[in-house]
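Peer 1: Below is one structure. I have some questions about it.
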Amino acid sequence: MASDAELFAAAEAVRARAYAPYSRFHVGAAILADDGKIYAGANVENAAYPIGNCAEASAIAAMIAGGGKRITRLYVTGPGTAPVTPCGGCRQRIREFADQDVVVISHGVDGAPLSQTVAQLLPHSFGPEYLPK
Ligand code: THU
């Protein structure tokens, strides 16, 4: 199983390739998936600002494309000292593929990491089990 140091390194490696010319806020995300593999993604912005992708969304897309099915741990890195916590939309995206007790570690690379569970990030959330089969 990958260590947090490996997840941090993967998030930082992909963060270096972020496409964020508008915000200049480069974010990396690394998922440890149920298949034991690490799937990474960076934010990808667009001149049409609202259609940019967050790093978490990119990492989830990489996981699905690569054959992973569930998130077992997630590391997010960004600039500065404050932990870069997932946006509201990404909390819901993560929730789709992660159990409530899965840990999300947010890390402004010059500060201390913050660990939170999916349940803490998105309490009383809506998910696939609410929909009729
Ligand atoms: N961003 C992410 O990729 N993930 C986060 O957790 C927070 C914000 C991106 C979106 C946008 O490209 C830039 O950071 C500034 O908001």
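Peer 1: Nearest 10 degrees is fine. How inclined is helix 55-66 to the longest principal axis of the chain, computing both from alpha carbons?
Peer 2: 60 degrees
Peer 1: P(r) tail for the stretch 25-133, what percent of Cα pairs lie past 18 Å?
Peer 2: Numbers: 2789 of 5886 pairs.
The proportion of pairs with Cα distances above 18 Å equals 47 percent.
Peer 1: Counting only DSSP beta bridges with both residues in the chain, what percent are antiparallel, rounded to the nearest 5?
Peer 2: Counting only bridges with both partners in the chain, antiparallel ones make up about 65 percent.
Peer 1: Only Lys, Arg, Asp and Glu count, each charged at its Cβ (+1, +1, -1, -1), so figure out the dipole size of the chain about its Cα centre, rounded to 20 debye. Working shown, then result.
Peer 2: On the way: 11 positive and 12 negative charges, 55 e Å.
Dipole of the chain, to the nearest 20 debye: 260 debye.
Peer 1: Find, among the chymotrypsin sites (Phe, Trp or Tyr not before Pro) in the stretch 63-129, those assigned to loop by DSSP (not H, G, I, E, B) with at most 12 other beta-carbon atoms within 10 angstrom.
Peer 2: Values: sites: Y75, F97, F126; in loops: F126.
The qualifying sites are F126.
Peer 1: I've got another one for you. K37 to S3: FRET efficiency via 1/(1 + (r/R0)^6), r the Cβ-Cβ distance, R0 22 Å, to the nearest 0.05?
Peer 2: 0.95
Peer 1: To continue, here is another question. Positive end of the dipole of the stretch 4-123, charges at C-beta (+1 Lys, Arg; -1 Asp, Glu), about the Cα centre: which of T117, Y19, G41 has its Cα farthest in that direction?
Peer 2: Result: Y19, furthest along the dipole toward the positive end.
Peer 1: Sticking with this structure for a sec: Return one number: the angle in degrees, 0 to 90 and rounded to the nearest 10, between the long axis of the Cα atoms of helix 4-15 and the longest principal axis of the Cα atoms of the chain.
Peer 2: Once rounded, the angle reads 60 degrees.
Peer 1: A further question on this structure: Taking only the C-alpha atoms, wrap a convex hull around the stretch 71-133 and report its volume per residue in Å³ as a whole number. Walk me through the numbers on the way to the answer.
Peer 2: Numbers: hull volume 4.5 nm³, N = 63.
Cα convex hull per residue, to the nearest whole number: 72 Å³.
Peer 1: Also: For the chain, with every protein chain kept in place, what is the accessible area per residue (1.4 Å probe, Å²)?
Peer 2: For the chain, the per-residue accessible area is 53 Å².
The values are calculated or read from the model by the stated rules, or taken from the named source; none is laboratory data. Owing to the predicted nature of the structure, the values given are computational and were not obtained by experimental measurement. Here Cβ is always computed from backbone atoms with ideal geometry, including for glycine, and neighbour counts include all displayed protein chains. Just so you know, the surface numbers come from the protein's heavy atoms only, side chains and all, with ligands and any DNA or RNA stripped out. Shrake-Rupley method; radii C 1.70, N 1.55, O 1.52, S 1.80 Å.
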